[in-house]
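**Student:** Attaching a single structure in structure tokens format; questions to follow.
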Amino acid sequence: MKFQKKIKLMILMILLSSGMGQAIAQVKVTDLVPARELTDDSVLEPGLLPIYIYKSFRHIDEMPFLNPKTTTEKVGKPILFLNHHFGEKDLIFDSGVRQGIGIQMNGFLKFSEAGIYGMRALSNDGIRVEICSDTILMDPRVHSDRFSRQAVLDIPKPGWYPIMIQYFQRVGTATIEMQWKLPGKTDFSVIPAEAYSHEPVSKGPS
């Protein structure tokens with residue numbers, strides 16, 4: 001089962017990276033395991049922890065995977081939710097810049113009940129979303145505002161699930177919005193702030 005799941009995800013990544021991702025209706029992801037129980041949140045803080053990479057990207061695969069505990073890149077203020085539409089003159093979160101920026105966001109996503117969830121991203125430019133280290137969404141290239149294809153998540157039990165989002169903005173306007181469809185619902189909605197958390201990172205003196 002695990003092998004078949006990896007093969008399916010590999011095929012998805014090949015198609016997406018080749019620009020064929022928009023032809024895929026959805027991908028279903030199973031075998032997810034929460035990192036924490038819902039009540040195991042005493043050390044968690046609100047929002048996702050961003051790492052800023054000051055470089056212009058054209059494809060999400062150009063972005064490195066960074067460890068928040070060891071990175072030398074700028075770790076910013078927590079991003080409490082993702083429903084943001086930036087104009088050409090707007091700074092991208094607390095990066096201090098308006099364009100030419102990559103952001104890796106790490107943390108946890110709270111699923112309050114078991115069941116089948118839909119998930120999609122609205123972005124401008126590229127985005128990749130991983131849950132439990134599985135890539136569930138990817139719209140990797142430079143593009144104007146558009147939705148990714150839907151991921152279908154089979155959540156076996158309530159809990160806090162690890163999430164990592166990579167996103168870049170090249171020039172012009174910028175958008176990043178995360179939506180889900182809750183079990184038994186027919187419509188997507190923006191994932192609320194209370195569903196995101198992260199472990200604070202403390203670094204010693206250099």
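**Student:** Say we look at the stretch 160-194 and pick out the residues that are within 13 Å of residue 127 (Cβ to Cβ) and aliphatic (A, V, I, L, M); which of these is surrounded by the most Cβ atoms within 10 Å (Cβ to Cβ)? It would help to see each step written out before you state the result.
**Tutor:** First, pick out the residues of the stretch 160-194 that are within 13 Å of residue 127 (Cβ to Cβ): 163-170, 174-179.
Filter once more, keeping what is aliphatic (A, V, I, L, M): 163-165, 174, 176, 178.
Working: 163: 24, 164: 19, 165: 24, 174: 24, 176: 24, 178: 26.
Out of the qualifying residues, it is 178.
**Student:** Take residue 123 and decide whether it is crowded, with 16+ Cβ neighbours inside 10 Å and not basic (Lys, Arg).
**Tutor:** Yes: the conditions hold for residue 123.
**Student:** Please go through the stretch 49-65 and pick out each residue that is within 14 Å of the chain's Cα centre (by Cα) and outside any helix (DSSP H, G or I).
**Tutor:** 49, 50, 51, 63, 65
**Student:** Hey, another quick one. Looking only at the stretch 48-77, count how many residues are hydroxyl-bearing (Ser, Thr, Tyr) and under 19 Å from residue 109 (Cβ atoms).
**Tutor:** Number of matching residues: 0.
**Student:** Would it be correct to say that residue 149 is under 28 Å from residue 57 (Cβ atoms) and at pLDDT below 95?
**Tutor:** For residue 149, the condition - under 28 Å from residue 57 (Cβ atoms) and at pLDDT below 95 - is met.
The values are calculated or read from the model by the stated rules, or taken from the named source; none is laboratory data. Since we're looking at a predicted model, the values are computed, not measured. Using ideal geometry, Cβ is built from the backbone for each residue, glycine included, and neighbour counts are taken over all protein chains shown.
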